[in-house]
1. For residues that are free of Cβ contacts under 8 Å to residues at least 24 places away in the same chain, open to solvent by less than 70 Å² (accessible area, probe 1.4 Å) and not β-branched (Val, Ile, Thr), tally how many sit in segment 133-157.
2. Do we find a residue being closer than 16 Å to residue 288 by Cα, open to solvent by less than 50 Å² (accessible area, probe 1.4 Å) and touching a helix residue (DSSP H, G or I) at 6+ places or on another chain (Cβ under 8 Å) anywhere in segment 32-49?
3. Answer with yes or no whether residue 48 is in a helix (DSSP H, G or I), under 17 Å from residue 285 (Cα atoms) and under 29 Å from the mean Cα position of the chain (by Cα).
4. Give me the pairs, please: first residue somewhere in segment 206-219 and closer than 20 Å to residue 109 by Cβ, second residue anywhere and surrounded by 10 or more Cβ atoms within 10 Å (Cβ to Cβ) and among the aromatic types (Phe, Trp, Tyr), beta-carbon distance under 7 Å, and either six or more positions apart or on two chains.
5. Condition first: without any contact (Cβ under 8 Å) to a residue 60 or more places away in the chain, over 16 Å from the mean Cα position of the chain (by Cα) and under 25 Å from residue 243 (Cβ atoms). Can you find one or more residues in segment 102-110 that meet it?
6. In this structure, is residue 62 surrounded by 10 or more Cβ atoms within 10 Å (Cβ to Cβ), touching a residue at least 40 places away in the same chain (Cβ under 8 Å) and of a type in the set (Gly, Ala, Ser)?
7. Do you know which of the residues in segment 92-136 that are touching a helix residue (DSSP H, G or I) at 6+ places or on another chain (Cβ under 9 Å) and of a type in the set (Ser, Thr, Tyr) is nearest to residue 220 (Cα to Cα)?
8. For segment 13-31, how many residues meet the condition of being over 29 Å from residue 291 (Cα atoms), open to solvent by less than 80 Å² (accessible area, probe 1.4 Å) and either part of a helix (DSSP H, G or I) or touching a Cys at 6+ places or on another chain (Cβ under 9 Å) (or both)?
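The values are calculated or read from the model by the stated rules, or taken from the named source; none is laboratory data. A quick note: this is a predicted structure, and the numbers were derived from the prediction, not measured. Please note: Cβ atoms are built from the backbone with ideal geometry, for glycine as well, and neighbour counts cover all protein chains shown. The accessibility values were calculated without ligands, DNA or RNA, using every heavy atom of the protein model including side chains. Shrake-Rupley method; radii C 1.70, N 1.55, O 1.52, S 1.80 Å.
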Amino acid sequence: MIATTGKTRGRGNSLLADVRKNAASYLLALPALLYTFVFGYLTLPYILMAFQRFDYRKGLLGSDFVGFRNFEFFFRSNRAIQVTFNTIWLNLLFIVIGTLLALVIALMLNEIHAKRYLKVIQSGLLFPNFLSWVIVSYIVFAFLSSEKGIVNGALSMAGLKRIEWYGNGEPWRAILVVIRVWKTAGISSVMYLAAITAIDGALYEAATIDGAGRIRQMRHITLPLLMPTVCILALLAVGKIFYGDFQMFYTIIGDNGLLIPKTDVIDTYVYRALRATGDPSSAMAVGLYQAFVGFLLVYGSNRLVRRWFPEGAVF
């Protein structure tokens, strides 16, 4: 017990010493820590709402327990399978295509040595990330509007038939993937580019001496050393595969009933159901279901990665 207490005190003293040494860094991290503590931990008791018939007058501890009845709201609906499939499939497309394109962009940027040109390209790639989804929705509408859209205008000039984009849900999964990749691939490539710059330059020098060109260096040095970063970011993305980007889907699709069958995800479905019923317990039940499945996916994916590629495992 004495040894354990000594170790605990030693860790506490080392933490305090590190805080004093890097006070500015901890101060910068403080808002994020407070946000995580308040919205990530202080809200955990409200998980009880998923098993209650929540009454605002009785409060969290006074509301009646109903067991798993709130989960029936989602699992017995005729839309449960559809919105679950949409959520998983669209997020898989976002992860796979987004990761591949971000890798390609990072590799291409790494080959540009003109600093001014590189800054211009990077600024152009990062700019879409700073646009809100509301602005993006207007940009999408400007392109795909049935009457005055840029795409239909080009089709008319070419003598082709106009397409009612907002009246047909079939192409919208592909459209959403293009929009998501356009907005996020640039910022994602920054992380891969940072990992590339951390690679020891002596490896490339040795490869050049051995006669390896840029393509072979990319294939045998850059990509293998990038894999741990790719795996970690992919695992983090898999943890949110049951969560749709609510802002993206609702601002672009909205309540368009013609597009909902192909684009409705769990988050937008729950929002519409909550707006219609006003029952927070059902919404919490679906949120708990999303969190539980997300945890299982991260844990399972991490075990697979740790077995086949230990360097890319998160834990």
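1. First, pick out the residues of segment 133-157 that are free of Cβ contacts under 8 Å to residues at least 24 places away in the same chain: 135, 138-139, 141-143, 145-157.
Narrowing the set further to residues that are open to solvent by less than 70 Å² (accessible area, probe 1.4 Å) leaves 139, 142, 145-146, 149, 151-156.
From what's left, not β-branched (Val, Ile, Thr): 142, 145-146, 149, 152-156.
So the answer is 9.
2. Just the residues of segment 32-49 that are closer than 16 Å to residue 288 by Cα, to begin with: 39-49.
Filter once more, so that each one left must be open to solvent by less than 50 Å² (accessible area, probe 1.4 Å): 40, 49.
Cutting the leftovers down to touching a helix residue (DSSP H, G or I) at 6+ places or on another chain (Cβ under 8 Å) gives us 49.
Yes, the conditions are met somewhere in segment 32-49.
3. Numbers: in a helix (DSSP H, G or I): yes; under 17 Å from residue 285 (Cα atoms): yes; under 29 Å from the mean Cα position of the chain (by Cα): yes.
In short, yes.
4. As it stands, the answer is 217/204, since those pairs meet every condition given.
5. Among the residues of segment 102-110, not one is without any contact (Cβ under 8 Å) to a residue 60 or more places away in the chain, over 16 Å from the mean Cα position of the chain (by Cα) and under 25 Å from residue 243 (Cβ atoms), which makes the answer no.
6. Working: surrounded by 10 or more Cβ atoms within 10 Å (Cβ to Cβ): yes; touching a residue at least 40 places away in the same chain (Cβ under 8 Å): no; of a type in the set (Gly, Ala, Ser): yes.
Criteria not met by residue 62.
7. Of everything passing the filter in segment 92-136, 99 is nearest to residue 220 (Cα to Cα).
8. Residues that pass the stated criteria total 7.
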